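In what follows, a structure is listed as structure tokens, so that the remarks can point back to it.
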Amino acid sequence: MKIAVYPGSFDPISNGHLDIIERTSKVFDKVYVLISVNPNKEYMFSVKEKEEMIKKATKHIKNVEVEAYDGLVLDYAKLKGASVIIRGLRNFIDYQDEITLFQFNRSIDENIDTFVLFPSANNLFLSSSSIKQLVKLNADISNYVPKCLKDEIETKIKERTK
Ligand code: ADP
């Protein structure tokens, strides 16, 4: 059984994240979407909220599970029997971060590899922070977040940036 872990902040989940999850789920038997903590980031959504939102957005994908874990992604991968970590690569900034993370993980455990996916064209410039920015500026986010979450994401960002 081929198992992958897709870790991220998902603050909030975007169509870019969802696209990576859908494509990964076609190649692996099981995909764990892992809500992890990046100490360099401040979050607007709680772990519980993110978990519920990602579950709603991935309900149609049978081999996806959503969980949170605050330890090392590598430890979580081992716990789940996963051999691959999935990451998305949009630009050179992602490249720098991802190659560093990859080398770091590889030096700890060379049995767990990292596979990188490029975004589909529509999602190339999409990030969770741009979604927050757009809502603050009253712009339409319909093209950027899963349909079933649009209202909830808009309402929560507006409430929290008053
Ligand atoms: P992290 O804090 O771990 O970077 P993010 O939620 O920002 O968490 O991103 C999780 C992963 O998804 C990262 O590998 C990131 O590069 C990727 N990603 C984020 N947005 C997109 C997008 N629009 N298209 C493809 N990959 C993306």
| message | So, Asp11, is that one among the acidic types (Asp, Glu), touching a residue at least 60 places away in the same chain (Cβ under 8 Å), open to solvent by less than 70 Å² (accessible area, probe 1.4 Å) and not in a strand (DSSP E or B) or not? | response | yes
| Answer from Asn40, Asn91, Asn122 - the residue that is under 17 Å from Arg23 (Cβ atoms), within 14 Å of the ligand (Cβ to nearest atom) and over 15 Å from the mean Cα position of the chain (by Cα) | Asn122
| query | Across segment 7-37, which residue is farthest from the ligand (Cβ to nearest atom) among those that are among the small types (Gly, Ala, Ser) and at pLDDT 95 or above? | reply | Ser25
| For segment 37-128, list the helices (runs of 4 or more DSSP H) that sit wholly inside it and hold at least 1 residues that are under 11 Å from Pro7 (Cβ atoms) and open to solvent by less than 90 Å² (accessible area, probe 1.4 Å); which are they? | 73-80, 92-108
| task | Could you grab me the full set of residues in segment 79-110 that are closer than 26 Å to Asp29 by Cα and of a type in the set (D, E, K, R)? | result | Lys80, Arg87, Arg90, Glu98, Arg106, Asp109, Glu110
| query | Looking at segment 14-36, which of its residues are assigned to a loop (DSSP other than H, G, I, E, B) and open to solvent by 10 Å² or more (accessible area, probe 1.4 Å)? | reply | Phe28, Asp29, Ser36
| task | Working carefully through the options Ile86, Ile157, find the one that is within 15 Å of the ligand (Cβ to nearest atom), touching a residue at least 40 places away in the same chain (Cβ under 8 Å) and on the phi < 0 side of the Ramachandran plot. | result | Ile86
| note | Selection from segment 140-162 of residues open to solvent by less than 90 Å² (accessible area, probe 1.4 Å), within 26 Å of Phe92 (Cβ to Cβ) and out of contact with any Leu (no Cβ under 7 Å at 6 or more places or on another chain) yields Val145
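The values are calculated or read from the model by the stated rules, or taken from the named source; none is laboratory data. Remember, predicted model here, so these are calculated numbers, not experimental data. Virtual Cβ from ideal backbone geometry, glycine too; neighbours counted across all protein chains shown. The protein model used for the area step is the full one, side chains on, heavy atoms only, and it has no ligands, DNA or RNA in it. Shrake-Rupley method; radii C 1.70, N 1.55, O 1.52, S 1.80 Å.
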